[in-house]
Amino acid sequence: MTRILDRYLGRIILQYTLITMLVLIGLFTFVNFIDQLGSLGQGNYNLTEAISYVTLIIPRTIYELFPMAALLGTIIGLSLLANDSELIVMRSSGISMVQITAAALKMGGVFVIAAILIGELISPYTETKAQRGRAEALQQGIKQQTNLGLWMRDAQTFVNIKEVLPDLTLLGIKVFDIDDNHQLRSLLAADYGAFKGDHWVLGNVKQTRVDAEKGAEIINTDTAKWTSQVTPQILSVFLIKPDQLSFMQLSRYINHLNENQQQTDPYELAFWNKIMLPVSTAVMVMLAIPFVFANLRSGTLGRSLFIGIMLGIGFYVANKGFGYIVLVYGLPPLLGATVPVMAFLLLALVMMRKVE
């Protein structure tokens with residue numbers, strides 16, 4: 001009996017969650033495409049580039065929409081069962097609210113696994129590719145090579161950067177100075193660089209000056225000033241937001257910041273949000289069940305769907321808003337990620353007790 005219930009409810013919830021997800025993806029993708037139309041014609045950014053960008057950010061959209069899609073899909077599926085009196089028959093047959101919730105949460109577990117796989121394996125890769133592809137099209141003279149780092153031209157110099165960290169710290173910098181005859185004048189290599197005021201401060205610098213008569217001269221210094229048109233504003237277009245990084249990327253960068261005694265709160269908040277998003281997906285599924293049962297007699301599908309949308313939007317706003325509050329007032333980032341989820345979990349438990 002339990003297996004039949006699990007399969008039946010799981011199939012219904014999966015079916016309507018997928019339909020809901022497709023509708024939401026279509027809506028958000030259309031909005032993202034409209035947003036890109038304003039950039040058409042800048043540099044090499046054309047319609048093909050815009051379509052490619054919008055397509056590549058779909059995995060990130062799916063990842064962010066999982067809680068809302070799970071909530072609405074479960075509400076729609078169970079509401080249709082309620083309209084056909086199937087839920088009433090289930091309860092009359094001795095099936096408890098706990099059994100129905102357990103059956104729904106098993107499908108919620110599938111959603112959690114899917115969210116983790118998309119958020120860790122697919123979204124960070126496609127998001128990086130999307131942002132860099134868009135930046136290359138908009139910024140002429142900037143070329144990104146996956147295995148060779150970031151290459152840029154600045155007047156008579158060519159710059160190679162091995163890695164750009166999320167706070168725009170540069171790692172593995174090489175600056176090639178070329179004369180008018182296309183001959184190498186000097187090579188500057190630095191382990192890292194940080195932007196201060198209107199210039200870069202490079203650390204652990206090794207500069208090689210090439211002279212046709214005197215040969216090569218090598219100068220080693222702890223720090224050096226580097227003035228360039230390569231600014232953080234240019235580099236930032238190659239970066240993705242903290243909440244779009246993978247769990248492992250965030251973990252490594254937080255460790256890097258801690259080692260250098262730098263601020264980690266925004267990245268810790270994104271880190272905990274990464275952990276809590278799959279949990280919030282399961283909570284949304286759990287919230288939908290007592291919500292539907294509470295409206296068995298008085299509610300209609302339209303009303304249930306409307307309230308479900310409001311709950312989904314409310315969760316999104318509460319999650320984002322509380323995160324900003326935590327950052328502004330210096331509260332532990334863990335609170336920003338967990339309090340909204342725990343609040344909606346408490347709401348689900350209270351509602352469940354009322355309809356038992």
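Bear in mind these aren't lab numbers, they're just calculated from the coordinates by the rules spelled out. Because the structure is a prediction, the values reported are computed rather than measured. A quick note on method: Cβ atoms are made from the backbone with ideal geometry, for glycine too, and the neighbour counts reach across all protein chains shown.
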**Request:** Just tell me which aspartates and glutamates come within less than 14 Å, Cα to Cα, of LYS129; anything on the same chain fewer than 8 places away is out.
**Result:** GLU49
**Message:** Taking 0.36 nm per residue of sequence separation and subtracting the Cα-Cα distance, how much length would be gained by fully extending the chain between ASN83 and TYR324, in nm to one decimal?
**Reply:** 82.7 nm
**For the stretch 308-324, Karplus couplings with θ = phi - 60° (6.51, -1.76, 1.60), whole Hz, Gly/Pro x** = x, 4, 4, 5, x, 5, x, 5, 4, 5, 5, 5, 5, x, 5, x, 5
**Request:** Counting other beta carbons within 10 Å of each Cβ, put LEU37, LEU5, LEU184 in order, fewest first.
**Result:** LEU37, LEU184, LEU5
**Prompt:** Tally Lys and Arg at +1 and Asp and Glu at -1 over the other residues with C-beta under 11 Å from the C-beta of PRO242: what net charge comes out?
**Reply:** -2
**Asked** Under the Karplus relation 6.51 cos²θ - 1.76 cosθ + 1.60, θ = phi - 60°, what is the ordered set of whole-Hz ³J(HN,Hα) values for the stretch 21-33, x standing for Gly and Pro?
**Response** 4, 4, 5, 5, 4, x, 5, 5, 5, 4, 4, 5, 5
**Asked** Where does the charge balance sit around PRO266 when Lys and Arg score +1, Asp and Glu -1, over other residues with C-beta under 11 Å from its C-beta?
**Response** -3
**Asked** Can you work out D for the stretch 1-55 in µm² s⁻¹ from Stokes-Einstein, where Rh is the Kirkwood radius over C-alpha pairs, the temperature is 37 °C and the viscosity is 0.692 mPa s?
**Response** 238
**Request:** Lys and Arg at +1, Asp and Glu at -1: add these up for the other residues within a Cβ distance under 11 Å of ILE254 and post the number.
**Result:** -2
**Request:** Could you tell me which of the pairs LYS162/LYS241; LYS162/LYS196; LYS225/LYS320 are separated by over 29 angstrom between their Cα atoms in the structure shown?
**Result:** LYS225/LYS320
**Asked** Within the chain, what percent of beta bridges assigned by DSSP are antiparallel, to the nearest 5?
**Response** 100
**Fill in**
Rounded to one decimal in nm, the spacing of the 7 Å Cα→Cβ label points at ARG185 and LEU305 is 6.8
**Message:** Please list 3J(HN,Hα) in residue order for the stretch 36-50, calculated via the Karplus relation 6.51 cos²θ - 1.76 cosθ + 1.60 where θ = phi - 60°; whole Hz, with x for glycine and proline.
**Reply:** 7, 4, x, 9, 4, x, 7, x, 9, 7, 10, 4, 4, 5, 5
**Message:** Please give the Cα centre distance for the stretch 255-297 versus the stretch 185-234, rounded to the nearest Å.
**Reply:** 43
**Viscosity 1.002 mPa s, temperature 20 °C, Stokes-Einstein D of the chain from Kirkwood C-alpha radius, µm²/s** = 91
**Message:** List the trypsin sites (Lys or Arg not before Pro) within the stretch 248-334 that DSSP assigns to loop and that have no more than 11 neighbouring Cβ atoms inside 10 Å.
**Reply:** ARG297
